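Enquirer: Would you mind keeping the following structure in view while I ask a few things?
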Amino acid sequence: MSRKPFIAGNWKMNMTAKSGAELIAALAPLVKDANCDVALCVPAILIPEMTKAAAGTNIAIGAENVHWAKNGAYTGEISAEMLKEYGVKYAIIGHSERRQYFGETDEGVNKRTLAALENGITPIVCVGETLSERENGTTEEVIARQLEKGLQGVEDIKKVVIAYEPVWAIGTGKTATDGQAQETIAFIRKKIGELFCPMCAQKVIIQYGGSMNAGNCKGLMAQPDIDGGLIGGASLKLDFATIVNYDK
Ligand code: PGA
């Protein structure tokens, strides 16, 4: 079953309105003939300017998180409605940095995911094991739990993108091998098949993330279950275009 590949950048807490707009202007002509969907998830404060910078291009703008409530007393948070006002199409949810440094839980991931879906924003739900979990042999157990809890109550799983990001590979320059990434992503697809339905699992886009770069993207993208990438460091430079054009 064919799935349209999806390459998304995650700028994290990087770039400014000026440098971000310059990067988008430089990337736009390089990615315009991409055969995959392309997005850049940017810091919330940059969304209005980056939306303008990407207007008329095939680069969609995404957010790096979204809160579950419609509005209310949640200092520092951003609602789906606020994102929607700027035409935001995607929101990363449950990134390991959010889980690790900001105490986000599977329950919170679930509530954020449902709120995004209710508002027509595609959640990019991140899952992945730490180094000690991989070494203990609990990778599948950890990921199964993240999927079960994080995706509870999702009506149409095809509207969710999953990003498999082994925590030990994020920002470390240590990529999972093509085989490790494929094996775990195949497990994720199987688990989604069990939680939802096997046919829908074949349609779900599952990205790999963790030190994916211009050099290793081809090998990762050649794996049968890997449908794209969530790119951190390499999305801050023109290398992002090389990754988007991995098939050329
Ligand atoms: P990295 O980050 O590509 O810099 O490893 C990926 C991510 O955290 O989404």
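The values are calculated or read from the model by the stated rules, or taken from the named source; none is laboratory data. Note that this is a predicted model, so its numbers are computed, not measured. Glycine gets a Cβ as well: all are built from the backbone with ideal geometry, and neighbour counts include every protein chain shown. Accessible surface areas use protein heavy atoms only, side chains included; no ligands, DNA or RNA. Shrake-Rupley method; radii C 1.70, N 1.55, O 1.52, S 1.80 Å.
Enquirer: Counting only residues that are among the small types (Gly, Ala, Ser) and within 18 Å of the chain's Cα centre (by Cα), which one in the range 187-232 is farthest from residue 122 (Cα to Cα)?
Expert: First, pick out the residues of the range 187-232 that are among the small types (Gly, Ala, Ser): 193, 201, 209-211, 214-215, 219, 222, 228-229, 232.
When the remaining residues are screened for being within 18 Å of the chain's Cα centre (by Cα), the result is 201, 209-211, 214, 228-229, 232.
Working: 201: 16, 209: 17, 210: 21, 211: 23, 214: 26, 228: 15, 229: 15, 232: 19 Å.
The selected residue is 214.
Enquirer: Now for a separate question. Report yes if residue 226 is more than 19 Å from residue 99 (Cα to Cα) and either aromatic (Phe, Trp, Tyr) or away from the ligand (no atom under 16 Å from the Cβ) (or both), otherwise no.
Expert: So residue 226 fails the test.
Enquirer: What pairs come out if I take residues in the range 91-112 that are free of Cβ contacts under 8 Å to residues at least 40 places away in the same chain and pair them with residues that are within 16 Å of the ligand (Cβ to nearest atom) and open to solvent by 50 Å² or more (accessible area, probe 1.4 Å) whose C-beta lies under 6 Å away, six or more apart or interchain?
Expert: Taking only residues 6 or more apart or on different chains, the pairs are 104/98.
Enquirer: Consider only pairs whose beta carbons are under 6 Å apart and that are at least six residues apart or on different chains; among these, list those whose first residue lies in the range 226-248 and is part of a helix (DSSP H, G or I) and whose second residue is more than 10 Å from the ligand (Cβ to nearest atom) and β-branched (Val, Ile, Thr).
Expert: 241/31; 243/7; 244/7; 244/31; 244/38
Enquirer: Here's a follow-up. Taking the range 91-105 only, how many residues are open to solvent by less than 60 Å² (accessible area, probe 1.4 Å), within 11 Å of the ligand (Cβ to nearest atom) and not β-branched (Val, Ile, Thr)? Show your work before the answer.
Expert: Taking the range 91-105 first, the residues open to solvent by less than 60 Å² (accessible area, probe 1.4 Å) are 91-97, 99, 103-104.
Checking which are within 11 Å of the ligand (Cβ to nearest atom) leaves us with 92, 95-97.
Checking the rest, the ones that are also not β-branched (Val, Ile, Thr) come to 95-97.
Total meeting the criteria: 3.
Enquirer: Taking only the range 165-190 into account, find how many residues are of a type in the set (D, E, K, R) and open to solvent by less than 30 Å² (accessible area, probe 1.4 Å).
Expert: Within the range 165-190, residues that are of a type in the set (D, E, K, R) and open to solvent by less than 30 Å² (accessible area, probe 1.4 Å) number 2.
Enquirer: Among the candidates 110, 65, single out the residue that is modelled with pLDDT of 95 or more and away from the ligand (no atom under 16 Å from the Cβ). So that I can check it myself, show each step before the final result.
Expert: Working: 65 fails: away from the ligand (no atom under 16 Å from the Cβ).
Being modelled with pLDDT of 95 or more and away from the ligand (no atom under 16 Å from the Cβ) holds for just one of 110, 65, which is 110.
Enquirer: Residue 234 - would you say it is modelled with pLDDT of 95 or more, more than 16 Å from the ligand (Cβ to nearest atom), out of contact with any Pro (no Cβ under 8 Å at 6 or more places or on another chain) and not basic (Lys, Arg)? Walk me through how you get there before you give the answer.
Expert: Working: modelled with pLDDT of 95 or more: yes; more than 16 Å from the ligand (Cβ to nearest atom): no; out of contact with any Pro (no Cβ under 8 Å at 6 or more places or on another chain): yes; not basic (Lys, Arg): yes.
Criteria not met by residue 234.
Enquirer: Quick one: is residue 127 over 19 Å from residue 69 (Cβ atoms), away from the ligand (no atom under 11 Å from the Cβ) and either free of Cβ contacts under 8 Å to residues at least 24 places away in the same chain or crowded, with 21+ Cβ neighbours inside 10 Å (or both)? Step through it out loud before you land on a result.
Expert: On the way: over 19 Å from residue 69 (Cβ atoms): yes; away from the ligand (no atom under 11 Å from the Cβ): yes; either free of Cβ contacts under 8 Å to residues at least 24 places away in the same chain or crowded, with 21+ Cβ neighbours inside 10 Å (or both): yes.
Here the answer is yes, as residue 127 does meet what is asked.
Enquirer: So, in the range 168-205, of the ones that are within 22 Å of residue 232 (Cα to Cα) and either among the aromatic types (Phe, Trp, Tyr) or in contact with a His (Cβ under 9 Å, 6 or more places away or on another chain) (or both), which residue ends up farthest from the ligand (Cβ to nearest atom)?
Expert: Here the residue is 168.
Enquirer: Here's a check for you: in the range 4-28, which residue that is at negative phi and charged (D, E, K, R) is farthest from the ligand (Cβ to nearest atom)?
Expert: Filtering first and then ranking leaves 18.
Enquirer: Also, I was wondering about something else. Does residue 239 count as open to solvent by 30 Å² or more (accessible area, probe 1.4 Å), farther than 19 Å from residue 94 by Cβ, within 11 Å of the ligand (Cβ to nearest atom) and not basic (Lys, Arg)? So that I can check it myself, show each step before the final result.
Expert: Numbers: open to solvent by 30 Å² or more (accessible area, probe 1.4 Å): yes; farther than 19 Å from residue 94 by Cβ: yes; within 11 Å of the ligand (Cβ to nearest atom): yes; not basic (Lys, Arg): yes.
Criteria met by residue 239.
Enquirer: Further, regarding this structure: What are the residues in the range 1-16 that are at pLDDT 95 or above, aliphatic (A, V, I, L, M) and more than 18 Å from residue 209 (Cα to Cα), if any? Walk me through it before giving the result.
Expert: Restricting attention to the range 1-16, the residues satisfying the condition of being at pLDDT 95 or above are 3-16.
Next cut, aliphatic (A, V, I, L, M) only: 7-8, 13, 15.
Selection gives 15 alone.
Enquirer: Turning to a different aspect of this structure: Is it true that some residue in the range 110-119 is assigned to a strand (DSSP E or B) and open to solvent by 20 Å² or more (accessible area, probe 1.4 Å)? Break it down stepwise before answering.
Expert: Step one: filter the range 110-119 for residues assigned to a strand (DSSP E or B), giving none.
For the range 110-119, residues assigned to a strand (DSSP E or B) and open to solvent by 20 Å² or more (accessible area, probe 1.4 Å): absent.
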